[in-house]
Amino acid sequence: MGEVSFTAGADIMGLVAYRRGRLIDNSSWFVVFLLNLIMIIRKVEPKRYVKLRIIATLIDYGIFGILFFIYIYFFGHQNDSGEMEVNNLLTLPIFIAWFLYFVVSEGINQATPGHDICKLIVVKTSGEKIGIYDAFKRRVLDFIDIFIYAIPALVCIYNTPKSQRLGDLLADTLVVKKSDVTETEIVFKR
């Protein structure tokens, strides 16, 4: 079952110059805008896309993992057991990189690089674009959804009506292909 949402807006159709109710020339005039009302109807048909979502996640965390290990290699130090580690403020860039890679890219682009490669986007259940706050809410549960062998995510995807994982349920978002979101624009002329 698809989700339908409505958005209303205005479109400038033309302008007319008036002074005290009469049409005038270019000297000392003000502008009255004639507006059209525009309504956009969005319909979302969510599908599971489990294989594509797994591939996108592997791509994203593969890229992030490579960046993580490169950072540890160059900025870390060996501990007593011979393992590389970073401490204190040197851990901060890892969290900033995670935030930029996952939250900001998804909030601005509606997709991470892995989602882009797999032609998936993240939208609100109404079909509208998500923002950075929505992307953060969606990603804050990654440690539960993904790092426990993705079992919680798969259970949710298969058992929720809109194929959402825990992060999607929290943020009220869907992972779909662009073709799953249809927009119809209706213009009411004045």
> Considering the range 147-175 alone, what residues qualify as being buried (at least 21 other Cβ atoms within 10 Å of the Cβ) and in contact with a Lys or Arg (Cβ under 9 Å, 6 or more places away or on another chain)?
Replying inline: 153, 157, 165, 167, 168, 171, 173, 174, 175
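Per-residue answers, yes or no, for (1) free of Cβ contacts under 8 Å to residues at least 12 places away in the same chain; (2) not aliphatic (A, V, I, L, M); (3) not assigned by TED's automatic domain parsing to the domain that holds residue 56:
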residue	(1), (2), (3)
149	yes, yes, no
154	no, no, no
162	no, yes, no
167	no, yes, no
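What tally of residues in the range 77-86 results from selecting those that are more than 16 Å from residue 97 (Cα to Cα) and in a loop (DSSP other than H, G, I, E, B)?
Filtering the range 77-86 for residues more than 16 Å from residue 97 (Cα to Cα) gives 77-85.
When the remaining residues are screened for being in a loop (DSSP other than H, G, I, E, B), the result is 79-83.
Total satisfying the criteria: 5.
What do you reckon, is residue 56 in contact with a strand residue (DSSP E or B) (Cβ under 9 Å, 6 or more places away or on another chain), free of Cβ contacts under 8 Å to residues at least 40 places away in the same chain and under 23 Å from residue 179 (Cα atoms)?
Numbers: in contact with a strand residue (DSSP E or B) (Cβ under 9 Å, 6 or more places away or on another chain): yes; free of Cβ contacts under 8 Å to residues at least 40 places away in the same chain: no; under 23 Å from residue 179 (Cα atoms): yes.
So residue 56 does not fit the description; no.
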> Counting only residues that are part of a loop (DSSP other than H, G, I, E, B) and closer than 13 Å to residue 53 by Cα, how many does the range 141-161 have?
Replying inline: 2
>> Give me the residue from the range 167-190 that is modelled with pLDDT of 90 or more and in a strand (DSSP E or B) and, out of that set, farthest from residue 139 (Cα to Cα).
In response: 177
>> Please determine whether any residue of the range 98-113 is free of Cβ contacts under 8 Å to residues at least 12 places away in the same chain, crowded, with 18+ Cβ neighbours inside 10 Å, in contact with a helix residue (DSSP H, G or I) (Cβ under 9 Å, 6 or more places away or on another chain) and in a loop (DSSP other than H, G, I, E, B).
In response: yes
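The values are calculated or read from the model by the stated rules, or taken from the named source; none is laboratory data. On a predicted model such as this, the values are computed, not experimentally measured, just so you know. All Cβ positions, glycine included, derive from the backbone under ideal geometry; neighbour counts span all protein chains shown.
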